[in-house]
Structure formats: structure tokens, C-alpha cells
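Please treat every number below as a calculation from the coordinates, not as lab data. Keep in mind it's a predicted model, so treat the numbers as computed, not measured. Because the Cβ atoms are built from the backbone with ideal geometry, glycine has one as well, and the counts that use them run over all protein chains shown.
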Amino acid sequence: MKFTETKIKGCWLLEPTVFGDARGYFMESFNEQTFQQGTGQAVHFVQDNQSYSTKGVLRGLHYQCGEHAQAKLVRVLNGEVLDVAVDIRPESETYGQYVAEILSGENQKQLFIPRGFAHGFVVLSETATFFYKCDNFYNKASEGGIIYNDAALHIDWQLNDQELLVSEKDAVLPTLANAKKVW
């Protein structure tokens, strides 16, 4: 597994070693020891989530606050998404900045998003199955969110507004300036 820290400290791109032949492929998608050695992060994942979406579906930007904050390890099982993580740690030098990575079933890349980040993705392929591990349990009362098109963030979602399918809940999220503080 190859580990590359992104431009935002603590956020890592993981590229597994894939062993392929005429029958298909094998890869180790997660190993706690390898992960901790590669990232320097002692994270214990407790919940796995999976979603299926069609082209243009934008989910996010979401996070959990306070003691319920979550680190996530995200990947795509099939299809392709643009995955976005926004640094919302108030004390961070990169507060308000984001990383965006293409994750797909073909490239097998994963993104580790530490606690203190808002997260979202948009489906670029006809369909996509998105999978992620969380290091803390979901808590509805601790939900936070930021509107996907916040002008202060300047996120290029790689699709035009007419192609985006956003839930009613996500369409009315506040801007970063008005969002609930992560801690």
C-alpha cells in the first residue's frame, strides 16, 4: 500500500497494491497495522457505511461535531466519484481549504479524512457504489453540514449545476461561515 499525504495535513491518499491476472484481481483494502504505520494515525474503525447513487448525485458536505466527530476511510467499489474533504478545524493553518480526489472502482484509491473535516462526493459515472469506514458511531444530534456551493470554498464539482442532484436537506445547509462548529 502506498500512502501519500495530501496538501492538507492529516488527510491521506491510499493506493493499494493490486495483484491481477486473467482471473481478476486481489488486494488488501485495509490492514490496521499497515494503516497506522503508513499514516501515523492510530484509528480504530467501528462502523462501515455504503451508498449507491446515480450520475450527478451530490452527497454532502457532512460532518459530526464534538465527541461524535468522525474520521473516515472512503473508497468506491464500482463507478467513479469526485470525493471532497474540507478542513473545518478552527485552529488549522488550512481551515476552509479542501482536497478533491477521483476515486473509482478502477483506480482503487482511498482517501483518509481525519476528524474535523466536512466530507462530500459527487457521482461522475452512470452509477457508483461508495463505501466508508468511520471511527465513531453516527449521532443525529451531532450532525453538521456546509452547503456544497459555498462561494467561499470555490469547489469545482466537475459537473454543471443542472446535472447535480442534491437532497432537500443538503440544498439548505449553511455556508462555512454560518455552520455549526466541529468542536
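Tabulated data for the structure shown
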{"quantity": "Most mobile listed residue (23, 59, 75) in the chain, GNM with C-alpha springs under 10 Å", "calculated": "23"}
{"quantity": "Too-long pairs where the Cα-Cα distance tops 32 Å, listed order kept, from 2/140; 7/169; 2/169", "calculated": "2/140; 2/169"}
{"quantity": "Under Karplus coefficients 6.51, -1.76 and 1.60, residue-wise ³J(HN,Hα) of the range 4-9 in Hz, glycine/proline x", "calculated": "10, 6, 6, 5, 10, 3"}
{"quantity": "Neighbour cut-off at most 13 other Cβ (10 Å), DSSP loop, trypsin sites (Lys or Arg not before Pro), the range 146-183", "calculated": "181"}
{"quantity": "Loop GluC sites (Glu not before Pro), the range 19-72, which have at most 12 other Cβ atoms in a 10 Å radius of their Cβ (DSSP)", "calculated": "28"}
{"quantity": "Backbone HN-Hα couplings from phi across the range 170-180 [Karplus 6.51/-1.76/1.60, Hz, Gly and Pro as x]", "calculated": "6, 6, 10, 5, x, 6, 4, 4, 10, 6, 4"}
{"quantity": "Cα gyration tensor, the range 108-183 - rounded (a/c under 1.5), prolate or oblate", "calculated": "oblate"}
{"quantity": "Derived scalar couplings ³J(HN,Hα) [the range 117-132; Karplus, 6.51 cos²θ - 1.76 cosθ + 1.60; whole Hz; x for Gly, Pro]", "calculated": "10, 8, 10, x, 8, 10, 7, 9, 8, 4, 8, 8, 10, 10, 10, 8"}
{"quantity": "FRET efficiency estimate (nearest 0.05) - Cβ-Cβ, residue 154 to residue 7, R0 22 angstrom", "calculated": "0.90"}
{"quantity": "Estimated 222 nm signal from helices in the chain, with DSSP H stretches of n ≥ 4 weighted -39500 (n - 2.57), rounded to 500", "calculated": "-1500 deg cm²/dmol"}
{"quantity": "Nearest-0.05 FRET efficiency for residue 97 and residue 48, computed from C-beta distance (R0 35 Å)", "calculated": "0.80"}
{"quantity": "GNM top mover of 24, 120, 145 - the chain, alpha-carbon springs below 10 Å", "calculated": "24"}
